[in-house]
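All remarks here apply to the structure that follows.
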Amino acid sequence: MIDRIAQLREKMASTIIKDKETLESFRRHFISKKGAISLLFEAFKELPTGEKKVIGPTLNSLKQAAEKKFKSAASAIEAKHVSVTGQSVDVTLPSFGPTIGSLHPLTIVQNKIISLFQRIGFNLVEGPEIVGDWHNFTALNFPDNHPARDMQDTFFVQRNPDQLLRTHTTSVQIAICETQSPPIRSIALGRVFRNEAVSARSHCFFHQLDGMYINTDVTFSDLKGTIYHFVETLFGQATKLRFRASYFPFTEPSAEVDINCRLCQGKGCTVCKHSGWVEILGAGMIDPNVLSNCHIDPEKYNGFAFGMGIERIAMLLYQIDDLRLFSENHLDFLRQFKSVLGH
Ligand SMILES: [Zn+2]
């Protein structure tokens, strides 16, 4: 009996289990009810008690070794099968098809705005994100003590001479005015940077669109007509809007433009702070000083300018309540815009 156990142990050790077939033959040969080990147990029952005590533990350990080898081989074969095929394959199933991405909501809104201004003759212009003090502040009439010039509000890359991350895309318009002669009709679009705490309503960077028209005899009515075109095309004909007197260093007179709150239809809610109106942009007639700074004769030419945050427009258009969603790359958020055409 002892010899037989030793033989079986040797045979078991030298058996290689490499697939399901060899696993099954191992099971049949060693551990099934009619297998070699079961036969040994049958014979064991016939042994005298004294021998049972000696052989019992050895026989049990053989049985355990066989079961252990079977289990570990079975799980190895299963793991190998899954890693090769992923899962069992039904070749008759339809394929998944290519995964197509979607445009970012800000890109969708930018494309809409660019196209509606291009249709009325505005050219899209671009400029650098790092600019000097002149293009961002001085040429735009910002006084020396203006808070926007403070380290707390602006990211400076270098001091004396100052180089900074532009705080608005109006800096691009100054560069255009310096190099072109009127009539000028341009929109500048891009990322701008402000040293602000990140929250649902503000971020340290956002996208801005700045528009400008310079020619002879430009009137405030031209500005209003342009803004009406923008609002009605983007938000619909029924949208109400109002101009509120305001102040910007580079325009005079200046106005802020509100539209009626789309969430509550003007009845009042938390988004519009119960006023029924939400601000969408700032605008005004370009200050003659700004024209002089760009070597354009203010006696001969005048013009208007306007600026808006793209994120704000997108939030109103798609009723998004947190500015941070635009830059956090959550696929669940971005996938919602899959059906929106970006033009
Ligand atoms: Zn409201």
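The values are calculated or read from the model by the stated rules, or taken from the named source; none is laboratory data. These numbers come from a predicted model, not from an experiment. So basically every Cβ, Gly included, is an ideal-geometry build from the backbone, and we count neighbours across all protein chains shown. Each accessible area value is taken on the protein alone, full model and side chains, heavy atoms only, with ligands, DNA and RNA left out. Shrake-Rupley method; radii C 1.70, N 1.55, O 1.52, S 1.80 Å.
Within region 298-312, does at least one residue satisfy the condition of being within 16 Å of the ligand (Cβ to nearest atom), farther than 30 Å from LEU140 by Cα and open to solvent by 70 Å² or more (accessible area, probe 1.4 Å)?
Let us first name the residues in region 298-312 that are within 16 Å of the ligand (Cβ to nearest atom), namely 312.
Now drop any that are not farther than 30 Å from LEU140 by Cα, which leaves none.
No, every residue in region 298-312 fails to be within 16 Å of the ligand (Cβ to nearest atom), farther than 30 Å from LEU140 by Cα and open to solvent by 70 Å² or more (accessible area, probe 1.4 Å).
Scanning region 194-210 for residues that are open to solvent by less than 30 Å² (accessible area, probe 1.4 Å) and part of a strand (DSSP E or B) turns up GLN208, LEU209, ASP210.
Among the residues making up region 108-155, those that are open to solvent by less than 40 Å² (accessible area, probe 1.4 Å), farther than 20 Å from GLU311 by Cα and either in contact (Cβ under 8 Å) with a residue 60 or more places away in the chain or of a type in the set (A, V, I, L, M, F, W, C) (or both) are GLY121, PHE122, VAL131, PHE137, ALA139, LEU140, PHE142, ALA148. Could you say whether any residue in region 82-99 is surrounded by 13 or more Cβ atoms within 10 Å (Cβ to Cβ) and either of a type in the set (Val, Ile, Thr) or modelled with pLDDT under 90 (or both)? Within region 82-99, not a single residue is surrounded by 13 or more Cβ atoms within 10 Å (Cβ to Cβ) and either of a type in the set (Val, Ile, Thr) or modelled with pLDDT under 90 (or both). Applying the criterion of being within 14 Å of LEU317 (Cα to Cα), near the ligand (Cβ under 6 Å from one of its atoms) and modelled with pLDDT of 80 or more to the residues of region 254-271, the residue that is surrounded by the fewest Cβ atoms within 10 Å (Cβ to Cβ) is CYS264. Taking PHE70, is it under 60 Å from the mean Cα position of the chain (by Cα), in contact (Cβ under 8 Å) with a residue 12 or more places away in the chain, surrounded by 16 or more Cβ atoms within 10 Å (Cβ to Cβ) and more than 16 Å from ALA6 (Cα to Cα)? Considered against the rule, which asks whether it is under 60 Å from the mean Cα position of the chain (by Cα), in contact (Cβ under 8 Å) with a residue 12 or more places away in the chain, surrounded by 16 or more Cβ atoms within 10 Å (Cβ to Cβ) and more than 16 Å from ALA6 (Cα to Cα), PHE70 comes out as yes. Only one of the listed residues (SER327, SER292, SER275, SER246) is among the small types (Gly, Ala, Ser), within 16 Å of the ligand (Cβ to nearest atom) and open to solvent by 20 Å² or more (accessible area, probe 1.4 Å). That residue is SER275.
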